[in-house]
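Presented below is the structure to which this report refers.
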Amino acid sequence: MKFAGNILKMRTSLKNGLVDYFLPIGNDLIYVNELIGKNIKLNYNGNINCINCGRKISKTYFQGYCYNCFISLPETDEGILRPELCKAHLGISRDMEWAKQNCLQPHYVYLALSSDVKVGVTRATQVPTRWIDQGASQAIKFAQTPNRYIAGLIEVALKKIMRDKTNWRKMLTNKIATDVNLIFEKQKAVFSLSDELRQYIENDNDVTTINYPVIKYPEKVKSLSFDKQSEINKKLIGIKGQYLIFDDSMVLNIRKHNGYFVEVG
Ligand SMILES: [Zn+2]
């Protein structure tokens, strides 16, 4: 097997509670699950191309974009990282057509268990992709809103009682809080909302459980970067979130290397 091309974050599908991972590389898709337990060689040749315009760049912004795209595209605007700053509902966006398709669409506020309980926001169509990308073991829908902004307001309210970031070290070593009941966490969190925001609470209390293809979790992890090391030649022992986990406790965040030209053999 030999592939070469610009890589993008792994695509995923959830089948019977287990995640399948596919790595886009050039025009190909590598089924990564079947490489687990094997030695893999990844070689970064020093080239990066913007994942939007294709321009050759030496560093990326917002995980894969050139600076020009970063400061002009709607998908890299501040309302994407911080939904409460989205202004699409006021008719303000870098690209209103894009905003109609993306920001002014149903969103979920969710609670996920990746190490501890955290809150997050995602477009409704991105469930469960978003949960998988974050390495969540369990997730529950908390609220459904008609747009990104209101979801952001709910997230801000919940940030007072829980984190909004994944602790990636704990996630990758599988140090997950036990005795967490997401339905109970959801019931508790409702009290943090104003009456106005409570109307958006989601009735669906299904808890989605997600299992990752990992042979053995490392005790502690250290992250690899193609910026520091162009060749990786190691045994793959698992995949979780957007990370490849190797047998020497090193991990590689694929998403951080969006647009990097890599040879896989
Ligand atoms: Zn660009």
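Quick notes on this one:
- Evaluated with a Cβ-only charge set (Lys, Arg +1; Asp, Glu -1), the chain carries a dipole of roughly 640 debye about its Cα centre, given to the nearest 20.
- DSSP-defined beta bridges in the chain - what % are antiparallel, rounded to 5: 90 percent
- Cα-Cα over 18 Å, subset of Lys118/Lys222; Lys141/Lys186; Lys9/Lys235: Lys118/Lys222; Lys9/Lys235
- Each of Ile254, Ile183, Ile25 has some number of other Cβ atoms within 10 Å of its Cβ, and from fewest to most they run Ile183, Ile25, Ile254.
- Look at the Cα gyration tensor of the stretch 1-156: its axes a ≥ b ≥ c give a/c of at least 1.5 with a/b at or below b/c, and that counts as oblate.
- Distant-in-sequence amide H partners of Ile25 (H built 1.01 Å from N, under 5 Å): Ile30
- Hz values of 3J(HN,Hα) by residue in the stretch 94-105 - Karplus curve (6.51, -1.76, 1.60), Gly and Pro given as x: 5, 8, 5, 5, 4, 4, 5, 7, 10, 7, 8, 10
- Value at 222 nm in deg cm²/dmol, rounded to 500, when DSSP H runs of n ≥ 4 in the chain each add -39,500 (n - 2.57): -4500 deg cm²/dmol
- Trypsin sites (Lys or Arg not before Pro) restricted to DSSP loop in the stretch 179-265 with at most 14 other C-beta within 10 Å: Lys216, Lys220, Lys228
- Cleavage-rule hits (trypsin sites (Lys or Arg not before Pro)) in the stretch 12-54: DSSP loop, at most 11 neighbouring Cβ within 10 angstrom: Lys38
- Longest to shortest principal axis, alpha-carbon extents of the chain, angstrom: 56, 44, 28
- Neighbour net charge for Lys175 - beta-carbon separation under 11 angstrom, K R +1, D E -1: +1
- 3J(HN,Hα) couplings calculated from phi for the stretch 213-221 with the Karplus curve 6.51 cos²θ - 1.76 cosθ + 1.60 (θ = phi - 60°) are, in sequence order, x, 10, 6, 7, 7, x, 6, 9, 10 Hz; Gly and Pro show x.
- Filtered GluC sites (Glu not before Pro), the stretch 155-254: DSSP coil and at most 12 other beta carbons within 10 Å: Glu219
- Within the stretch 73-209, DSSP assigns beta bridges of which about 95% are antiparallel (rounded to the nearest 5).
- Calculated from backbone phi, Karplus (6.51, -1.76, 1.60) coupling profile of the stretch 245-257 in Hz, x at Gly/Pro: 10, 9, 6, 9, 6, 8, 10, 10, 7, 5, 4, 5, 10
- Between 0 and 90°, nearest 10: helix 148-158 axis offset from the chain longest Cα axis: 80 degrees
- Residues whose amide H lies under 5 Å from that of Glu202, counting only those 5 or more places away or on a different chain, are Ala143, Gln144; hydrogens are built 1.01 Å from N in the peptide plane.
- When the pairs Lys2/Lys220; Lys56/Lys228; Lys188/Lys220; Lys87/Lys175 are compared against a 29 Å limit on Cα-Cα distance, Lys2/Lys220; Lys188/Lys220; Lys87/Lys175 fall above it.
- With K and R counted +1 and D and E -1, the other residues having a Cβ less than 10 Å from that of Ala4 yield a net charge of -1.
- All aspartates and glutamates inside 19 Å of Lys100 as judged from Cα atoms, apart from same-chain residues fewer than 8 positions distant: Glu75, Asp77, Glu78, Glu84
- For the stretch 73-209, diffusion coefficient by Stokes-Einstein and Kirkwood Rh (Cα), 25 °C, 0.890 mPa s, µm²/s: 162 µm²/s
Readers should treat all values here as calculations from the given coordinates under stated rules, not as data from a laboratory. None of these values were measured; they are calculated from a predicted model. In this analysis, Cβ positions are derived from the backbone assuming ideal geometry, glycine residues included, and neighbour counts consider all displayed protein chains.
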